[in-house]
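Right, one structure below, let's go through it.
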Amino acid sequence: MSIDDRVAAQAEQSDQAAQAEQSDHGARTAQTGPPTPTEQEAQAAPPVGRPGPPKLSDAELRALLVRPVWWRRADVRRSALIATVSTLALLAVLGFGLSSSAGWESFRAAFLSPEHFVLSFPKVWDGFLLNVTLFIILEPIVLLVGLGLALLRNLSSPVFFPLRAFAIGYIDLFRGLPAILVILMLGMGIPALRIEGLSSSPLFWGAVGCVLTSAAYTAETYRAGIESIHPSQRAAARALGFGHGRTLWYIVLPQAVRRVVPPLMSGFIALQKETALISVIGPMEASRAAQAYSATTFNFTSYLVAAVLFVSITIPLTRLTDHLLRRAQLRRGMGGAV
Amino acid sequence: MSAVAAVSIRNLSQAYGENLTLKNVSLEVAPHEVIALIGPSGCGKSTLLRTINLLEDSLAGEILVHGEPVTGEAGRGGRDRVRRRVGMVFQQFNLFPHLTVLQNITLAPRKLGGLSKAAAETKARALLARFGLAEKANEYPDRLSGGQQQRVAILRALATEPEVILLDEVTSALDPETVGEVLALIRELRDLGLTLILATHELQFARTIADRIVFLSGGEIVEQGTPAQILDHPTHPRTRQFVASMIHPEQASIAENSPKEAIG
């Protein structure tokens, strides 16, 4: 007999014993009215003839531990089964509903054509490489500019008031503006100025627009982290003789940055999608390449290709972010108050 | 008693918002003296320590550390210089959780004391070894017990070679069984000849370690004297009531023992 069987059998036995005892007790009270003091004493003592769960050896306990929760617990197993069945049922209904709609055939030809998927893939892929290059180059810049803004915002000396005011104004402005407007204005406006030595490439100014917008959000993320550090940490640093700046640099910032890694990752994912906005001023990135393909072939499957490419990068990163968040929560829970 | 007091507090008043927390407190602390501040919660013990270390602004009065005024015109740079001469240990330890024990202790000597990394670490390891924490040098604070964390916090303050150490109810957040190891360390600090000012609820410990006990109530010094005077023969009724309620808490009545004192 395996351990599982033993445990299950014991649990069943004790359940039955408990039930039997209950009904037995019910019958007795019905017959004799309120229990006498001796009966109450008998209840307080462990019930006779009801075997408890078996004592397990260390090896047996360890054998139980290695099994995943869903295997150990019947109710978890049952929930997993129900979830699977209901998901399949919903998909079946949706699939049937869509495929029996009037326009299904023409929709499938225009958006889900396998031939066009294969044909458009190389062009959209080339465009997507531009998106990837952009967000890999831009993310470090965004992280640095955002940190700089957050630090400016934290300056305490009155001498630096203008810098602090600038940081606050900048963050307010670029968090309030739609990114697409920033990109349009920079991409159209600055090349039109024709200033010597300034790039007139729409790609460059589109990238600048992405950085300006994302950095404002990133600065706020850093600030939230800085403000989440308990004042007692600052007090301890000040008591050791560290001034405002060094306290921020050696004590507050290292803890704050660790704490905001997951939200910074979310910002990174947002930036990846934002790079698609650059297409409005011309550069041939994935969504623009998809658009160009559909304009010549009157088939929209190329959009699906672009969507699949974006999702293939953003979804794994989203999962990783969730994982980091969970781990951070777990750590904080165990670490207790600091 | 040498000519210059280690800490000299003259008519110090302090307020949080509209609440006066200290009223005209005057206290002269001689070098190498150990002062225990006792009194009910909210009486101003912690505020007095935090104000000496300039973590709180004072409302009026002055504080001198070794004859040098540290309040008022001392300015920002002056404040940080003073803090380096005065160490402080907190009730909640306040260790830096992102740094190891060794890094916690060496940070200030390296960045402010001008010691090289190697020199600061040698010194810190010697301190840790001397106080039985050598094997914890590379642990992070959340891996230590409360008592160990508080001992590290005391060593962190000690590593900056202060002349005065302020201890703010350093055993109040500890499990009873680890209180002893922290008290033993404080005794060693006294034997090293440091000037100590400690706020405490441990009257028996105050009796054995302090040269002088100061009883505060409602932001004022009500009575001060040797441990025997204050704990065995208090003269002021408020001191008498407080000492009695600390020694026999089970006999205190609810009415006369309000937890927070208001200042009249």
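Modelled with pLDDT of 90 or more and open to solvent by 50 Å² or more (accessible area, probe 1.4 Å): which single residue out of B:S26, B:S41 fits that description?
When all the criteria are applied, what remains is B:S26.
Does B:T178 satisfy being part of a loop (DSSP other than H, G, I, E, B) and in contact with a helix residue (DSSP H, G or I) (Cβ under 6 Å, 6 or more places away or on another chain)?
Here the answer is no, as B:T178 does not meet what is asked.
Restricting to strands (runs of 3 or more DSSP E) lying wholly in the stretch B:1-66: which have 1 or more residues that are more than 15 Å from the chain's Cα centre (by Cα)?
B:7-16, B:19-29, B:60-65
What are the residues in the stretch A:223-247 that are part of a helix (DSSP H, G or I), within 20 Å of A:L149 (Cα to Cα) and more than 7 Å from chain B (Cβ to nearest Cβ), if any?
Passing the criteria: A:R223, A:A224, A:G225, A:I226, A:E227, A:S228, A:H244, A:G245, A:T247.
Please determine whether any residue of the stretch B:70-93 is away from chain A (no Cβ under 14 Å), assigned to a loop (DSSP other than H, G, I, E, B) and more than 21 Å from A:R234 (Cα to Cα).
Within the stretch B:70-93, none of the residues are away from chain A (no Cβ under 14 Å), assigned to a loop (DSSP other than H, G, I, E, B) and more than 21 Å from A:R234 (Cα to Cα).
Against the condition touching a His at 6+ places or on another chain (Cβ under 8 Å) and under 22 Å from B:V86 (Cβ atoms), how does B:T195 come out, does it pass?
yes
Which residue is surrounded by the fewest Cβ atoms within 10 Å (Cβ to Cβ), if the candidates are limited to the stretch A:248-279 and must be within 10 Å of another protein chain (Cβ to nearest Cβ) and of a type in the set (F, W, Y)?
Selected residue: A:W249.
In the stretch A:189-199, is there at least one residue being closer than 25 Å to A:P140 by Cβ, surrounded by 14 or more Cβ atoms within 10 Å (Cβ to Cβ), away from chain B (no Cβ under 14 Å) and touching a residue at least 40 places away in the same chain (Cβ under 8 Å)?
No - not one qualifying residue is present in the stretch A:189-199.
Please enumerate the residues belonging to the stretch A:122-140 that are aromatic (F, W, Y) and open to solvent by 20 Å² or more (accessible area, probe 1.4 Å).
Selection gives A:W125 alone.
Which residue out of A:R164, A:R153 is within 31 Å of the chain's Cα centre (by Cα), under 22 Å from A:R246 (Cα atoms) and charged (D, E, K, R)?
Of the residues listed, the single one that is within 31 Å of the chain's Cα centre (by Cα), under 22 Å from A:R246 (Cα atoms) and charged (D, E, K, R) is A:R153.
Would you check which residues across the stretch B:98-118 are surrounded by fewer than 17 Cβ atoms within 10 Å (Cβ to Cβ) and at the interface with another protein chain (Cβ under 8 Å from one of its Cβ atoms) and list them?
B:K111
Here are some conditions: (1) among the hydrophobic types (A, V, I, L, M, F, W, C); (2) touching a residue at least 24 places away in the same chain (Cβ under 8 Å); (3) open to solvent by 10 Å² or more (accessible area, probe 1.4 Å); (4) away from chain A (no Cβ under 13 Å). B:V34 meets all but one. Which one does it not meet?
(3)
For the stretch B:85-95, which positions are under 17 Å from B:L128 (Cα atoms) and not aliphatic (A, V, I, L, M)?
B:F93
Could you grab me the full set of residues in the stretch B:119-167 that are open to solvent by 10 Å² or more (accessible area, probe 1.4 Å), more than 10 Å from chain A (Cβ to nearest Cβ) and not in a helix (DSSP H, G or I)?
Matches in the stretch B:119-167: B:F131, B:G132, B:N138, B:E139, B:L144, B:S145, B:E161, B:E163.
Which one is nearest to the other protein chains (Cβ to nearest Cβ), of the residues in the stretch B:50-67 that are β-branched (V, I, T) and touching a helix residue (DSSP H, G or I) at 6+ places or on another chain (Cβ under 7 Å)?
B:V65
The values are calculated or read from the model by the stated rules, or taken from the named source; none is laboratory data. No experiment lies behind these values; they were computed from the predicted model shown. All Cβ positions, glycine included, derive from the backbone under ideal geometry; neighbour counts span all protein chains shown. To get the accessible areas, we keep the full protein, side chains included, count just its heavy atoms, and leave off ligands, DNA and RNA. Shrake-Rupley method; radii C 1.70, N 1.55, O 1.52, S 1.80 Å.
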